[in-house]
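The values are calculated or read from the model by the stated rules, or taken from the named source; none is laboratory data. Just so we're clear, the structure is a prediction, and the values are computed from it rather than from any experiment. Neighbour counts are summed over all protein chains in view; Cβ atoms, including those assigned to glycine, are modelled from backbone coordinates with ideal geometry.
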């Protein structure tokens, strides 16, 4: 039984010692004494401490004279010893086995202890760092002096923490020794450069987009966008100089030039984006000690971002612009690498920094577009394209409640879009405005001709003045409905300006006829006839898009009244409508030349001629002789004409 128990014990500790060998070496009468000696040695060794071989090699570099501070489980310092006084697991087994006089017994004991004696000390990294900092604080700094003209670092040398520290202190010393007057002149010189760049950008903006200088909101937006770029560039420079967190070789690639340019191109247009990019590139170059590379990179990104984001209609398309910006930064890094020949890790870092900056600029632009749209009441093409969805609740409601008006709006949108493209106006804007310009007719759809169809005309029972009030009200109703659905300002302008303050000629002439009849019958009219009672309460068009919408609305409605329309009849009708609009002053503020108005007219004639085309009447069944006897058509192939 004893041997079996010993076998189980040796198997449990995975010892290579044989049971018989162990019994032979340690007779039963000597076991108590042996046990006492081994226990005493084991306590002594474990109290001294056991540290693993790996820790001694990696953490303490096998330095026997190194002093180690021993702490207990609660972090209290118990003693300080040399590393040579600490046992390794192998040394501990050997020290415990030295109590055995017989070499065979010592060998067996060491083999038995291989699985029982392990390290009982662990490295406390946190407390070690704390003690190191405390020790460093007690040492007075060593000042190294460098004579003037001494080379601190050579081109191509690896940048170590020591060299970076030397360069940092050199710059600080240079600034301290610089005279106040020199510092002042340096600030004045940089200020003059920045002012010159700002004036140049403003002059270019005045040439390409003069109206923008008269819009305080858009100017404020340009200022905010420029602060974005310059502020982030200054922050990156500060982090690099003060804390050495960013390598100077990566700074110019991390500056988010594209952020302000993408936002300006989408919110304000390509002209504003080019001017903003010129200013921010120049100012950033001055910030980087008049670096030509920074200026060149900024200009390239400005051109790329403006050309790719100027006509972005979907938010997903913005990422394509971001990819182009990243590609330009990578290409610029490769080109400058040919000239400067940096080491491979630096080149890889520059490429990665350029890609990171480009993608972050794209994501931030995507997040900030709705914010700036809301704050500055700007409507981008992205928003307009979303409103052009025919599934919009207002359009769906109009299709059900006022189908004639719905169809009229679609026709006006087609007319307007074609004409806008012909003269280079914003075709997307005018198409969306056309969709919503008559939504106010949903309040009383039965009072408008396109919705009456074969029903009785309700205006027959109303006086001309009352009919005019009903017709005019659709503008106010539409405006209220659009505001309720939070439609953007351009759509509201389309609702207000598509009639301007034009005359409702049909009911005005009807009132004149009734008044003349009253006079002819000897009945004095109740009051004088004033044409202002028959005018819309809106404002004349103030942009080419709103002018085209006004002309298209009148032209499409009038063209429906032409019997057997032909291009000649349609052209004559257009001449009359356009002349009436011009005489009435509806085109006075639209910024359209007579050549552009004529182009719009020709576009309308072409579009309406195709919309109102006639069809050949199909013959009825009895006219095709389908009821003839079978024998008369038994050989149709013989009577059919042959194709040559």
**Asked** Looking at this structure, is residue 168 assigned to a helix (DSSP H, G or I), outside the structural domain of residue 270 (by TED's automatic domain parsing) and in contact (Cβ under 8 Å) with a residue 60 or more places away in the chain?
**Response** yes
**Complete:** Just one listed residue, out of 235, 221, is within 22 Å of the chain's Cα centre (by Cα) and under 30 Å from residue 172 (Cβ atoms), and it is 235
**Asked** Here are some conditions: (1) more than 21 Å from residue 356 (Cα to Cα); (2) more than 28 Å from the chain's Cα centre (by Cα). Residue 205 meets all but one. Which one does it not meet?
**Response** (2)
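Quick one: would you say residue 446 is surrounded by fewer than 20 Cβ atoms within 10 Å (Cβ to Cβ), assigned by TED's automatic domain parsing to the domain that holds residue 476 and assigned to a helix (DSSP H, G or I)?
In short, yes.
Do any helices (runs of 4 or more DSSP H) entirely within segment 31-120 hold 3 or more residues that are surrounded by 15 or more Cβ atoms within 10 Å (Cβ to Cβ), and if so, which?
Details: elements: 31-48, 53-58, 89-97, 103-113.
Filter on segment 31-120 gives 31-48, 89-97, 103-113.
Just need a number here: residues in segment 431-458 that are over 52 Å from the mean Cα position of the chain (by Cα) and touching a residue at least 40 places away in the same chain (Cβ under 8 Å). Give the steps one after another, and end with the answer.
Filtering segment 431-458 down to residues over 52 Å from the mean Cα position of the chain (by Cα) leaves 454-458.
Still in the list and also touching a residue at least 40 places away in the same chain (Cβ under 8 Å): none.
The qualifying residues number 0.
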**Message:** Between 569, 517, 510, which is more than 17 Å from residue 430 (Cβ to Cβ), free of Cβ contacts under 8 Å to residues at least 12 places away in the same chain and surrounded by 13 or more Cβ atoms within 10 Å (Cβ to Cβ)?
**Reply:** 569
**Message:** Anything in segment 536-550 that is over 34 Å from the mean Cα position of the chain (by Cα) and either more than 14 Å from residue 578 (Cβ to Cβ) or surrounded by fewer than 21 Cβ atoms within 10 Å (Cβ to Cβ) (or both)? List them, or say none.
**Reply:** 536, 537, 538, 539, 540
**Message:** Can you tell me how many residues within segment 412-434 are surrounded by fewer than 22 Cβ atoms within 10 Å (Cβ to Cβ) and either in a helix (DSSP H, G or I) or not assigned by TED's automatic domain parsing to the domain that holds residue 486 (or both)?
**Reply:** 7
**Prompt:** Within the group 197, 191, 269, which residue is farther than 30 Å from residue 342 by Cβ and in contact (Cβ under 8 Å) with a residue 12 or more places away in the chain?
**Reply:** 269
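Which one of 548, 577 is at pLDDT 90 or above, more than 30 Å from residue 374 (Cα to Cα), in contact with a helix residue (DSSP H, G or I) (Cβ under 7 Å, 6 or more places away or on another chain) and not in a loop (DSSP other than H, G, I, E, B)?
Values: 548 fails: more than 30 Å from residue 374 (Cα to Cα).
Selected residue: 577, the only one of 548, 577 that is at pLDDT 90 or above, more than 30 Å from residue 374 (Cα to Cα), in contact with a helix residue (DSSP H, G or I) (Cβ under 7 Å, 6 or more places away or on another chain) and not in a loop (DSSP other than H, G, I, E, B).
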**Prompt:** Given (1) within 22 Å of residue 404 (Cα to Cα); (2) out of contact with any helix residue (DSSP H, G or I) (no Cβ under 9 Å at 6 or more places or on another chain); (3) at pLDDT 90 or above, where does residue 486 come up short, assuming only one miss?
**Reply:** (1)
**Residues satisfying the stated conditions in segment 124-143, i.e. under 17 Å from residue 74 (Cβ atoms) and part of a loop (DSSP other than H, G, I, E, B)** = 124
**Fill in**
residue 208 meets each of (1) surrounded by 15 or more Cβ atoms within 10 Å (Cβ to Cβ); (2) modelled with pLDDT of 90 or more with one exception, condition (1)
